[in-house]
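Take a look at the structure set out below.
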Amino acid sequence: MDEDSKPLLGSVQFLLALSFRPFHVEPRNIVGDDPQERVSAEAAALSSRVHYYGRLTASSDPLLVPPDHVIPSPEDIYIYSPLGTAFKVRGGDSTAKNPSIVTIFAIWNTMMGTSILSMPWGIKQAGFTLGIIIIVLMGLLTLYCCYRVLKSTNSVIFPLLPQSNWEFPDVCKYYFGGFGKWSSLVFSLVSLIGAMVVYWVLMSNFLFNTGKFIYNYVHNVSSSDAFGTNGTDRVICPYPNLDPDGDSSTLQYYVSDNSTGPVFDRWWSKTHTIPFYLIILLLPLLNFRSASFFARFTFLGTLSVVYLIFLVTYKAIRLGFHLDFHWFDSSTFFLPEFRSLFPQLSGVLTLAFFIHNCIITLMKNNKHQENNVRDLSLAYLLVGLTYLYVGVLIFAAFPSPPLSKDCIEPNFLDNFPSSDVLVFVARTGLLFQMTTVYPLLGYLVRVQLMGQLFGDHYPGFLHVFILNIVVVGTGVLMARFYPNIGSISRYSGAICGLALVFVLPSLIHMVSLKRRGELRWPSAVFHSFLVLLGVANLFGQFFM
C-alpha cells in the first residue's frame, strides 16, 4: 500500500537514470546473439502499459509519467533505433557512453558534407583574405548558436521533467506552441531536401566523369585543353566566366573538356541524360520501409573526407602556390582580396557548419556531460580547420597564370580533367558513398513529414511514392537546368539557417531570460543582432 500511495511522478527518479525510453519492438527487428530471440510476453505487456501512459498526454508533458511498476525490468528493455533495429540492454549500465574524442569526431564526421567541395569557390567569391575572415567568423557565430541550442533544454521551467527525452523541436513547441514546432520542422526539411538536391547534382557529375574516364581509357582518348605548372598535373577551366565581377552561377554551362564523340556525348551528357539515368537506381531505394541497410555504409563519409584531404595536399605540393594580392582591383589572372559577393560564402558556410537540429542527440551519449561545451568547441575548431585547409590550399595552388582564379568551380573536382586517376578515385568513392547516403536522407524526410502529417512513418506505398517523386523530381530539374552546387547550398543554407541557426536559438534564450527576469540590454542587443544577421544573410543571397 505504501508503494501504491506514491504519486506518479515518483518514477521520475528512475526515468532520469535512463537516457532512453523503453519500446516494444517486433521480433523480426530484434538484434541479439540468438537469431530466434523474441520479446517475452511479460515485457510486451509492460511496454504496452508504458505506451498507454504515454498516449494520455504529450510526450513532453510531465503530468503523467509511467509509475515504477509498469517499467520493464532491465533484461527486457530494448533500445530502439530510428533506422529500424533494436538492441538489447546488457548489464546494469543502461547506456553506452562515448569518450570525448569519439564525440568530437562524431560531430566532425556528421558536419562534414558536400560543402567541403565548395570551399575554394566560396573563397573565390568573397576574396582570399575576406574569405578566410568570414570562415572564422561564421564558425564562431554558428558555434555560439549551437551552444544556445544545446543549453536550450535547461531553460525549460519543469525541474522534474526528464529532459533527456527532449529535442530542439520540443523546446520550440514549449516556447512558441504549434508555430515553433512546425517552423522547426519546415526549415529542417529545407536543409534535408537541399542536401538531397546537391547530392543528385553531384552524383550526376561523378557518374558522368566516371563513365567518361572509362570511355577515354578504353578508346585511348586524351584531353588537350588542360593547363598546369608541370607535365603531370593538369587543371582545366570548364566554364569560363567572361565577367569576373559578375556571378558565375548565372552563366550558361559550356563544357570545354575534350569531346569524346557525337554518339557518346548524346547519350552520356552530364545535364541531359545522366540525371534521368539515376532515377532507375535511386527511386526504388527510396521506397524501402527501413534504411538500416544503408546506415552500415556511413563510415564511407569519413574515408571520403580523409582521401579528399590527401588529394588536396598532393595537388598543392605538385602545383605549388600562385598568389598575388590585389586588395580591391581585379587583374587578368587574380581577384581582389575583398569582393562584394561575400554573402555567397556566408550562405554556404551556414549549411557547412549546420548541425543544430541534431546536436542535442549527439551530445546525449557523451560520457562526461560536464565537457559538452568544450567538446563541441573542439569539434567546431576541427571542422573549421578542415574547411580552411581545403579551401585555402586549392585556391592558392590553382595555376594562375595561365588560368584565372575566377575559373575555380563550385565543385573543385571539376577543375581537374576526367582523365586524372587520383580524381577519378575520389569521384568514384564519393559516388558510391552518396548513393548509400541519399536513401538515408530520403528516409529522414519521410519520417519527419509523414510522422507529423499522418502519425505514421510509412502510411502507405502511394503516399511515400508521391513524396519520393517530388523529391527526386526536384533533384532532376536542378541537375538539368541549374547544376551549381555552390548556389544550391548557399540558398538552402541561408533559408534553414535563418530559423534553426540564428532566429529560434536567440529568441528562445531571450524569452527564457525574460521569464526569469534576467534579461539585460546587452544580451538583448547581441541576440537581436544575431537575428538581423540571419535575415541579412538570407537577403544577401538574392541581392549580392
Note to self: At 1.4 Å probe size, what's the solvent-accessible area of residue 108? Round to the nearest 10 Å².
What the structure shows: 20 Å²
Margin query: Tell me the net charge near residue 103. Cut-off is 15 Å between Cβ atoms, residue 103 excluded, with +1 for each Lys or Arg and -1 for each Asp or Glu.
Written below: +2
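Considering Cα pairs under 8 angstrom that are at least six residues apart, work out the relative contact order of segment 425-544 and quote it in whole percent.
Normalised by residue count, the contact order of segment 425-544 is 21 percent.
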Note to self: Compute for segment 357-429: radius of gyration divided by Kirkwood radius, i.e. Rg/Rh, restricted to C-alpha atoms, rounded to two decimals.
What the structure shows: 1.19
Next item on the list: Could you order 199, 438, 314 so the one with the most accessible surface comes first? Probe is 1.4 Å.
Entry: 314, 199, 438
Item checked: Neighbourhood charge, 14 Å Cβ-Cβ cut-off, centred on residue 468 and excluding it, Lys, Arg +1 and Asp, Glu -1 -> +2
Next item on the list: Figure the gain on full extension for residue 276 and residue 525 (residue separation times 0.36 nm, minus the Cα-Cα span) and round it to one decimal in nm.
Entry: 84.6 nm
Check: Given a cut-off of 15 Å, what percent of all Cα-Cα pairs of segment 446-544 lie beyond it?
Finding: 73 percent
Notebook entry, point to check: So what's the convex hull volume per residue for the Cα atoms of segment 294-343, in Å³?
Noted result: 133 Å³
Note to self: Suppose we look only past 17 Å in the calculated P(r) of segment 340-471. What percent of the Cα-Cα pairs does that tail hold?
What the structure shows: 76 percent
Checklist line | Heavy atoms of residue 299 accessible to a 1.4 Å probe, total area in Å² rounded to 10 | finding: 110 Å²
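The values are calculated or read from the model by the stated rules, or taken from the named source; none is laboratory data. This is a predicted model, so every value here is computed, not measured. Neighbour counts run over all protein chains shown; Cβ positions are idealised from the backbone, glycine included. Ligands, DNA and RNA are stripped out before the accessible areas are found, and what is left, the full protein with its side chains, is counted by its heavy atoms. Shrake-Rupley method; radii C 1.70, N 1.55, O 1.52, S 1.80 Å.
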